[in-house]
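Input: a single structure, listed below in C-alpha cells.
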Amino acid sequence: MEKKNIDWGNLGFNYMVTDYRYVSNFKDGKWDNGQLTKDDKVVLSEDAGVLHYCQACFEGLKAYTTENGDIVCFRPDMNAKRMSDSAKRLVMPPFPEERFIEAVKEVVKANAAWVPPFGSGASLYVRPVMFGSSPVIGVAPAEEYQFRIFVTPVGPYFKGGAKPIFVRISDFDRAAPRGTGDIKAGLNYAMSLYNIVDAHEKGYAENIYVDPATRTKIEETGGANIIFIDKEGNLVVPKSGSILPSITRRSIVAVAKDILGMNVIEREVFVSELGDFVECGLCGTAAVISPIGKIDNHGEIIEYGSMDKMSPTLQKIYDTLTGIQAGKIEGPEGWVVKIC
C-alpha cells in the first residue's frame, strides 16, 4: 500500500482532509448502522442543539506504524468507555463501545495511506465526536445526534517536539467543582480558549489551572493532565474530581508502577509545594509527555532543570510508553490493537 506524498517529518499539529470518515446517526431512539463516507461536511439546522446548548463531546487517540509495518492504535477501549461516560453526563445516547472500537478500526484501515511511516515522528490522529443535531429551541436535550470519526496525520503538538516548555499558573478557572471537568465535553475547552490565546501572546506554552474552590491545589492544563517526580524519585499524580481521566496519564501510571518499578503516589498536590519537585510534565494523547522547564506562579519562577531536553525520569517513562505504542517494547495485553 503506497503512502501519501507528504513531508512526514515536518508535519505540525493541524487538520488535513483525508479520504474517509465514519458517520452514524441517532434517530427514533436508535443508532443506524453507520458507514464510511468521503463527505467531510456536516449540514445542520440553525437550531441544532449543539449550536445553542453545547451538547457535544469528543475523543482523541492515535494510530501508528510499528517497526514491523503493522498499523496499530493504542487502547481504543478506554476512549470508547470515556466517550460513553461523557455522553451520559450530557444526556446524549452513548455510542455502543464495541461499535466505537470497530468504527475506529474501519476508518483507520480505510485511510491507511495517511498513517505516517515508522520513524517519522508523526502519527495519525483519530478524532471521534458526537453532537446534538436536531432542532432544540427550549433548554432541553436534542432528540437526534450524530457520531463521527475523522482522521488526520499530525506531528508534535508543541513546536520543538518534546523540549521543555514554559507555563503559568492561571487566574481563570477551567471547571467548577461538581461540574463537567471530568468528562471530555467541548464546553470545557471553550472555557480555556481566551486564556490560551493570552498565554501564547505573553510567551507561555500553556496554563496550569488550580482548583476553583480554594485556588490552592493543582488540577490540569487546558488540554493535558500534569505529573511530577519528587526528590525520592516517586511519580506524583494530582488527584481531583474535576480532572479529566487521561488515558495517557493512566497508562503512564501503569508503566511507572508495573514496568519501571517506580512508586506512584496519587494525591492532592498543592501550589505551595511546586518547588519541592524535581521534574514536571504534561501528559495527553497529542503530546504523550511534554516536559515543563519553568512555571510562572505570579512572578515566582519555579524551574525544573534544563530547558533544552526532557528530564531523565520523564524521558524513561516517555521512551517506555512510546516504545510500547510503536511495538518496540512488549506492553500489557490489549494495549496495542492491530488494525492492519
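Solvent-accessible area per residue in the chain equals 46 Å², computed with a 1.4 angstrom probe and all protein chains kept.
Springs join every pair of Cα atoms under 10 Å in this Gaussian network model of the chain, and among Leu314, Leu11, Leu282 the largest mean-square fluctuation is at Leu11.
Dipole of the chain computed with +1 at Lys/Arg Cβ and -1 at Asp/Glu Cβ about the Cα centre; of Ile247, Val237, Ala113, farthest Cα towards the positive end is Ala113.
Backbone amide hydrogens, once placed in the peptide plane, bring Lys62 within less than 5 Å of Phe74, Val126, excluding anything fewer than 5 places away on its chain. Along the axis of the charge dipole computed for the chain (Cβ charges of +1 for Lys and Arg, -1 for Asp and Glu, origin at the Cα centre), the listed residues Val278, Leu124, Thr216 are led at the positive end by Leu124. Think of the chain as having a plus end and a minus end, set by charges on the Cβ of Lys, Arg, Asp and Glu; of Gly327, Met191, Ile317, Gly327 sits farthest toward the positive end of this dipole.
The accessible area of Cys340, taken with all protein chains in place and a 1.4 Å probe, comes to roughly 50 Å².
Using a cut-off of 32 Å between Cα atoms, the listed pairs Lys38/Lys62; Lys202/Lys328; Lys38/Lys81 include Lys202/Lys328 as exceeding that distance. Charged neighbours of Gly69, selected by a Cβ distance under 12 Å, balance to 0 (K, R count +1; D, E count -1). In a DSSP loop and with at most 16 other Cβ atoms within 10 Å, the trypsin sites (Lys or Arg not before Pro) in region 1-38 are Lys3, Lys4, Lys38.
Residues whose amide H lies under 5 Å from that of Gly222, counting only those 5 or more places away or on a different chain, are Asn207; hydrogens are built 1.01 Å from N in the peptide plane.
The values are calculated or read from the model by the stated rules, or taken from the named source; none is laboratory data. On a predicted model such as this, the values are computed, not experimentally measured, just so you know. Please note: Cβ atoms are built from the backbone with ideal geometry, for glycine as well, and neighbour counts cover all protein chains shown. Each accessible area value is taken on the protein alone, full model and side chains, heavy atoms only, with ligands, DNA and RNA left out. Shrake-Rupley method; radii C 1.70, N 1.55, O 1.52, S 1.80 Å.
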